[in-house]
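The values are calculated or read from the model by the stated rules, or taken from the named source; none is laboratory data. These figures come from a predicted structure and were not determined experimentally. Note that we place each Cβ from the backbone using ideal geometry, even for glycine, and neighbour counts take in every protein chain shown. What goes into the accessible areas is simple: the full protein's heavy atoms, side chains included, and nothing from ligands, DNA or RNA. Shrake-Rupley method; radii C 1.70, N 1.55, O 1.52, S 1.80 Å.
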Amino acid sequence: MDSNKRQKTSSQAAANATTPNLDQVKPGEHAHPDRALVVGDGAFAMAMATAMARRGSDVRVLAHTPKVRDEINAGENKTYLPGHKVHSNITAHTSIEEACAPDVQLVLLVIPTQFLRTFLKRNLANIPVGCPIVVCAKGIEVGTAETPYEMMVGELPGKYHRHFAVLAGPSFAKEIMDGQPTNVVVASVSADVAERVARYVSDGSSLRAYVSDDVAGIEISGAVKNVLAIASGALDGLEFGNNARAALVCRGLAELTRLAVACGSNGRAMAGLAGVGDLMLTCSSSLSRNFSVGSKLARGMTLEEISGGTNAVAEGVATAKSVRVLSERLGVEMPICDAVYRALYEGLPPREALSELQARPLGAEGGLVAEE
């Protein structure tokens, strides 16, 4: 999607959205969807399915393979979330027709960004109309440089568009499964849809959702923070300390902000859960798949060796390509993300990449706004 279209999407969001004003009902006491569909069978898909199931919803998980479907229905997703019992309100399917019937009231798309378009094209006839469709992927598509929301707009007919939302924020699956406090943010061009989804997923104890109208900011934040987490993991692999990580988070946030604003963000998301919050989380913990990739890369493993040793997808690996294309197209300077790309795909040693970043010409510090 070109910059004019991105700006138009942002303007539409600003025009359609109102200042969120949720009612005074305690979170968790709102009505929950009777039936919800979670597309995806990975750790975060299971965590969101569990959060909905705990609220009393009948949750259908659309699994990618019969193997994982059978594991889930047997009581434990051993492939992607071993050690956690599947909630009794969750059933798994490999047929979207079975998973959607009858009367699904909420759809969560929790599949990797690079596979989202294929899913939408193959299953258009079966995607429910009239209920919120919430994309939880955090990435940018290779080839098109489009975000998940933009892919949904491009692939699904107009009758779906007002029901779209995105969900992001600092939310490790394991901690959601353990019932630990987790806050996320839901964004939509429709305030009503954002509020409805927030009420659906908030349980009043562990999972809480805020609402936003900054769709572009939240999606770019969620994508770029994965690339920056690879850089942070590399610092860990090189055994650098807190000074280096703090600088990375701060300057990475500046890069993220520049790109988000260029893509049409109204500037609100970057200082919130999807921006600073998720960036701090993924840049500081080995639970982050992207952080682990960077750490292993700095310790001498190749990308092929790293990718071959896990079932899970580290979205930042592919997104590093997309961010480079998008930043060059929009004329946005992103030296840290560019260094990650070169380390992943051009063989630049992480230690050398850091040295190059430190040797860049001096300049003024930018804050949480686009730098001129």
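Take residue 172 and decide whether it is among the aromatic types (Phe, Trp, Tyr) and open to solvent by less than 50 Å² (accessible area, probe 1.4 Å).
Yes, satisfied.
Residue by residue, here is whether (1) more than 22 Å from the chain's Cα centre (by Cα); (2) not charged (D, E, K, R) holds:
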{"site": "289", "(1), (2)": "no, no"}
{"site": "304", "(1), (2)": "yes, no"}
{"site": "313", "(1), (2)": "no, yes"}
{"site": "332", "(1), (2)": "no, yes"}
{"site": "345", "(1), (2)": "yes, yes"}
{"site": "353", "(1), (2)": "yes, yes"}
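Could you tell me whether residue 133 is open to solvent by less than 10 Å² (accessible area, probe 1.4 Å), touching a residue at least 24 places away in the same chain (Cβ under 8 Å), farther than 29 Å from residue 340 by Cβ and β-branched (Val, Ile, Thr)?
So residue 133 fits the description; yes.
May I ask you to verify whether residue 194 is open to solvent by less than 10 Å² (accessible area, probe 1.4 Å), in contact with a Lys or Arg (Cβ under 9 Å, 6 or more places away or on another chain) and modelled with pLDDT of 95 or more?
Spelling it out, it is not the case that residue 194 is open to solvent by less than 10 Å² (accessible area, probe 1.4 Å), in contact with a Lys or Arg (Cβ under 9 Å, 6 or more places away or on another chain) and modelled with pLDDT of 95 or more.
Quick one: how many residues across the range 46-71 are crowded, with 21+ Cβ neighbours inside 10 Å, more than 22 Å from the chain's Cα centre (by Cα) and part of a strand (DSSP E or B)?
Summing the residues that are crowded, with 21+ Cβ neighbours inside 10 Å, more than 22 Å from the chain's Cα centre (by Cα) and part of a strand (DSSP E or B) in the range 46-71 gives 0.
Can you tell me which residues in the range 80-111 are in a loop (DSSP other than H, G, I, E, B), touching a Lys or Arg at 6+ places or on another chain (Cβ under 7 Å) and of a type in the set (S, T, N, Q)?
Listed by number, the residues that qualify are 94, 105.
Condition first: under 28 Å from residue 189 (Cβ atoms), touching a residue at least 40 places away in the same chain (Cβ under 8 Å) and open to solvent by 50 Å² or more (accessible area, probe 1.4 Å). Can you find one or more residues in the range 326-343 that meet it?
Narrowing the range 326-343 to residues under 28 Å from residue 189 (Cβ atoms): 326-332, 334, 337.
Narrowing the set further to residues that are touching a residue at least 40 places away in the same chain (Cβ under 8 Å) leaves 326-327, 329-332, 334, 337.
Now drop any that are not open to solvent by 50 Å² or more (accessible area, probe 1.4 Å), which leaves 329, 331.
Checked against the condition, which is being under 28 Å from residue 189 (Cβ atoms), touching a residue at least 40 places away in the same chain (Cβ under 8 Å) and open to solvent by 50 Å² or more (accessible area, probe 1.4 Å), the range 326-343 yields at least one hit.
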